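Below is one structure, written out as structure tokens, with a few remarks after it.
The values are calculated or read from the model by the stated rules, or taken from the named source; none is laboratory data. Please read these numbers as outputs of a predicted model, since none were measured by experiment. Note: ideal-geometry Cβ built from the backbone for every residue, glycine included; neighbour counts use all protein chains shown. Quick note on the areas: whole protein, heavy atoms, side chains included, nothing else; ligands and nucleic acids left out. Shrake-Rupley method; radii C 1.70, N 1.55, O 1.52, S 1.80 Å.
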Amino acid sequence: MKAPTSIAPLHTTDGSISILHTAVKRVAGQISRCVMDSLAIEEPLEIQLTHGPSHARQTRSISVTMRTPGNDFDLAAGFLMTEGVIRDANDIEKIAYAGDSFHEDTQSPQAMDALKFGFKQNTVRVDLAAGVEVNVGSLQRNFYTTSSCGICGKASLLALRTVCPPRTVNNFRVDAQLLYRLPERLRASQGVFDRTGGLHGAGLFDSAGNLLALREDVGRHNAVDKLIGSEFLADRTPLRDRLLLLSGRASFELLQKALMGGLPMVAAVGAPSSLAVQVAKEFDITLVGFLREDHFNIYHGSERIAGYTSTSKGAEDETEN
């Protein structure tokens, strides 16, 4: 049987293509057939930063990330905000695609080959206002965001304390029965995941369980940057009365981003890392992991989750996920 050769790609609200269709041979038992499969698009995005006084502007490449095209401006703004480069939406003068004005002689070495192919809109330039000072050292350090950077947990927590926004008393409370319903609400709204099965989701909920915003991406950190970036550009940060729900695991990097966004609670369908738990305890962020429809683990902030009864069985009696 001849497979179909073309199906219209799915476009995001900003016009980017987020799904690509390809012919595959699907095997079931000892029989195969040709079908069309949907793939989540993965393309590189270079984020450039223009800063400095009006008479001496500088443009530099500060990051290249593999992402699902769409909400790229939110991603760039969220990255800069959660990495501590900017603190206010007014720090940004303009965000635009570099497009045809992006020449090979200005490309960063690590991005040159990847950016020659695929979508033209693979470079975003963020122009800061002339009076905004940029810590070049923090850009070069990349804020300890990779697990292979060789920086110990203690140093990473110290770095967070020096750049995070002021914390307030955490008064965000939810009911356990409400938490059980959140993963399905997030999943039901993940349109691209339904088509591909290949994207992470990050959602913002209020204390009544209403889904206020959702972003998807091939990268967990990109989904969170897009989500927080959209709120940042809308001047709704810090997000002190919101819950961040992650469709996967909770890493140090994602807790870092939640902290920079002012979020009081993070819930993850997957497991948290040890350093993520340390961040939650250090900065008093309620942290829930392994969230399913009938169970979850509380790693910090149990006093802010109501609707369950504690038993006398202690942590030494069993280990449960």
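Contact map, segment 61-75: first residue of a type in the set (Phe, Trp, Tyr), second residue open to solvent by 20 Å² or more (accessible area, probe 1.4 Å) and modelled with pLDDT of 90 or more, Cβ cut-off under 8 Å, separation 6 or more or different chains; pairs are PHE73/ILE95; PHE73/LEU233.
Out of everything in segment 212-233 that is over 11 Å from ASN71 (Cα atoms) and small (Gly, Ala, Ser), what residue ends up being surrounded by the fewest Cβ atoms within 10 Å (Cβ to Cβ)? This residue is GLY219.
When GLU293 is tested against (1) buried (at least 17 other Cβ atoms within 10 Å of the Cβ); (2) at pLDDT below 95, exactly one condition is not met: (1).
Exactly one residue out of VAL266, VAL277, VAL288 is of a type outside the set (D, E, K, R) and open to solvent by 10 Å² or more (accessible area, probe 1.4 Å), and it is VAL277.
Go through (1) modelled with pLDDT under 80; (2) open to solvent by 80 Å² or more (accessible area, probe 1.4 Å) one by one and return the number of the condition VAL27 breaks. Only one criterion in (1) modelled with pLDDT under 80; (2) open to solvent by 80 Å² or more (accessible area, probe 1.4 Å) is unmet by VAL27, namely (1). Against the numbered list (1) open to solvent by 70 Å² or more (accessible area, probe 1.4 Å); (2) farther than 29 Å from GLY52 by Cβ; (3) at pLDDT 80 or above; (4) out of contact with any Gly (no Cβ under 8 Å at 6 or more places or on another chain), ARG181 comes up short only at (4). Taking segment 40-60 as the range and being within 20 Å of the chain's Cα centre (by Cα) and assigned to a strand (DSSP E or B) as the test, the residues that pass are ALA40, GLU43, PRO44, LEU45, GLU46, ILE47, GLN48, LEU49.
Quick one: is ASP241 assigned to a loop (DSSP other than H, G, I, E, B), open to solvent by 70 Å² or more (accessible area, probe 1.4 Å), touching a residue at least 24 places away in the same chain (Cβ under 8 Å) and closer than 17 Å to LEU214 by Cα? Yes: the conditions hold for ASP241. Mind checking whether some residue in segment 274-289 is of a type in the set (Ser, Thr, Tyr) and assigned to a loop (DSSP other than H, G, I, E, B)? No, because not a single residue in segment 274-289 is of a type in the set (Ser, Thr, Tyr) and assigned to a loop (DSSP other than H, G, I, E, B).
LEU39: out of contact with any His (no Cβ under 6 Å at 6 or more places or on another chain), closer than 21 Å to ASN122 by Cα and open to solvent by less than 20 Å² (accessible area, probe 1.4 Å), yes or no? Criteria not met by LEU39.
Out of the residues in segment 61-90 that are part of a strand (DSSP E or B), closer than 24 Å to LEU259 by Cα and not aliphatic (A, V, I, L, M), state the one that is least open to solvent (accessible area, probe 1.4 Å). Looking at the filtered set, the residue picked out is ARG67. Go through (1) in contact with a His (Cβ under 8 Å, 6 or more places away or on another chain); (2) of a type in the set (A, V, I, L, M); (3) farther than 24 Å from ASP37 by Cα and name the single condition ALA223 misses. Failing condition for ALA223: (3).
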